[in-house]
Amino acid sequence: MRRIAAALVLLAAPVMAQPQGGERALTLQDCILEALRNNLSLAAEILGPEVAASTAARAGEIFFPKLSFTLGTQTSNQASFSWLDATDQVTTDFAEYQGSLEQRLPTGATFSANLYSYKNETNRSFQTINPRYGSTLTFDFAQPLLRDFGFKMARREIIVAGNNRDVSESRMRQALIDTVFDVEEAYWELVFSREALKVQEESLKLARDLLTKNEKELEAGVIPPIEILSAQAEVASREADIIQARARVRNSQDTLRTLLNVAGEKGAPPPVIVPSEMPGPETVALDLEEARTRALAHRPDLAASQVGLKTSALDLSYARNQTLPDLRLRASYWSPGVSGTQILYQDDNPLTGIIIGTIPGGPSLAFKDAFRFKYENWFVGVTLDLPLETVVSRARVTEARLASEQAALRHRDLEAQALLEVDIAFRAVETDRQRVQAYRLARELAEEKLAAEEKKLAAGLSTNYTVLQQQRDLAVARTNETQALIDHALSVARLQRAMGTTLEAKDVRLADLPDRSDRP
């Protein structure tokens with residue numbers, strides 16, 4: 001039996017060896033804050049609202065004014081086909097300049113202002129103005145009266161982008177809640193595994209003490225050799241339990257370190273995290289109805305679903321709007337201006353071909369005429385477009401309506417699941433609180449029974465087997481009490497997560513998140 005125990009200890013040596021990367025004593029709050037700063041999956045989720053906010057800002061750019069400019073010049077040459085041209089080749093130089101400003105209005109209307117200017121110069125005969133300059137200032141306004149009419153239709157993309165941003169923020173909040181809960185679960189798992197290891201080590205010590213006592217009694221001839229076998233077997237069994245307990249501690253360490261994203265320096269083993277607090281008898285100062293009310297008001301998944309309902313309703317409204325005829329009110333106002341070098345002919349008759357002088361004129365006169373509205377022109381009218389594929393077909397409306405109804409059903413189901421989760425978590429808190437009290441009493445009784453049995457053994461009124469059994473019962477009772485304490489702490493955390501109040505309960509603020517303002 002001793003050889004078996006020694007072999008088990010040798011097998012356990014690689015598992016029991018702890019890394020020499022230094023120890024870090026951390027509270028639960030320390031671990032939560034470190035996870036918020038370093039957790040990789042959470043860092044990816046934090047970018048979601050930033051991306052959505054950028055998309056929302058880009059959607060708002062549809063109401064930014066649009067400027068456009070055109071500049072062009074050309075020269076054309078062609079053979080003369082009339083004796084009136086008085087030349088073998090007709091050459092025309094033409095240049096144009098255009099600038100426009102277009103603005104989309106929240107009502108769905110568009111307004112534009114356009115300034116067009118040109119210069120035309122030719123060698124044709126009988127020209128009265130050459131070169132000729134022209135400028136036209138134009139204002140256009142178009143307002144949809146049915147399809148695409150109204151603030152909601154015009155701002156649809158902005159509203160949807162804003163809704164998507166709200167959904168992304170809710171998802172980030174859910175990711176924060178999940179991360180905090182995962183850290184708490186891993187932290188208490190590490191606490192339990194370390195406490196369970198301590199219980200196993202103490203239990204092994206008791207078994208070894210009893211084995212030593214039996215060996216001395218065997219040498220003194222007080223007990224027969226058969227009596228020592230049970231103590232040796234128990235020592236070997238408890239050494240095997242310690243192997244498993246130490247492996248569980250190592251696994252819990254790795255899980256928590258991964259969540260915190262901590263590692264040792266280059267070439268050094270990772271640090272050993274030492275929990276510095278134990279779960280206490282936490283109480284929940286609210287009733288079930290209040291917990292259900294908080295869940296409906298604070299859960300991020302319900303908030304995201306609620307925003308989804310708004311988007312579905314907007315999509316349905318837009319689909320119905322798109323089935324309307326495209327009726328638009330249009331209005332235009334333009335003012336032209338013309339100037340240039342005036343050519344004077346003999347007897348004021350260009351057909352003579354005799355030029356007796358010129359009156360110079362530049363492009364500024366055309367500009368002045370255009371901006372002074374010397375020649376006013378306007379147009380007001382309506383246009384009606386009846387695309388049969390949207391007016392006759394109701395498929396798009398039906399699709400949007402079904403999607404809206406589907407979203408409403410899913411939201412109701414999500415609410416029901418949330419309330420069920422709260423009910424189960426709330427009952428678990430009370431159940432685990434009662435378990436803590438029961439297991440505490442069981443541990444106290446197990447300690448008293450072991451003490452009494454050891455006194456009986458010393459007086460020769462008990463057996464080694466009975467004492468070993470009492471030792472094992474005490475180890476189980478201590479482990480059960482620790483497990484009940486951990487379960488109670490986790491049931492409270494699950495209730496907080498079910499209500500969506502984890503961040504408030506753990507005093508987690510957005511300021512605790514890493515500052516990413518310096519990201520390129």
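Enumerate the strands (runs of 3 or more DSSP E) found wholly within region 300-409, keeping only those where 3 or more residues are at pLDDT 85 or above, under 47 Å from the mean Cα position of the chain (by Cα) and surrounded by 14 or more Cβ atoms within 10 Å (Cβ to Cβ).
Ranges flagged: 326-345.
Mind counting the residues in region 277-291 that are buried (at least 18 other Cβ atoms within 10 Å of the Cβ) and not in a loop (DSSP other than H, G, I, E, B)?
Going through region 277-291 one residue at a time, the tally reaches 1.
Sort out which residues of region 235-266 are within 30 Å of GLN469 (Cα to Cα), out of contact with any Leu (no Cβ under 7 Å at 6 or more places or on another chain) and among the polar types (S, T, N, Q), and write them in order of number.
Of everything in region 235-266, those that are within 30 Å of GLN469 (Cα to Cα), out of contact with any Leu (no Cβ under 7 Å at 6 or more places or on another chain) and among the polar types (S, T, N, Q) turn out to be SER237, GLN244, ASN251.
The values are calculated or read from the model by the stated rules, or taken from the named source; none is laboratory data. For clarity, every value in this text was computed on a predicted model and none was experimentally measured. Note that each Cβ is placed from the backbone with ideal geometry, even for glycine, and that neighbours are counted across all protein chains shown.
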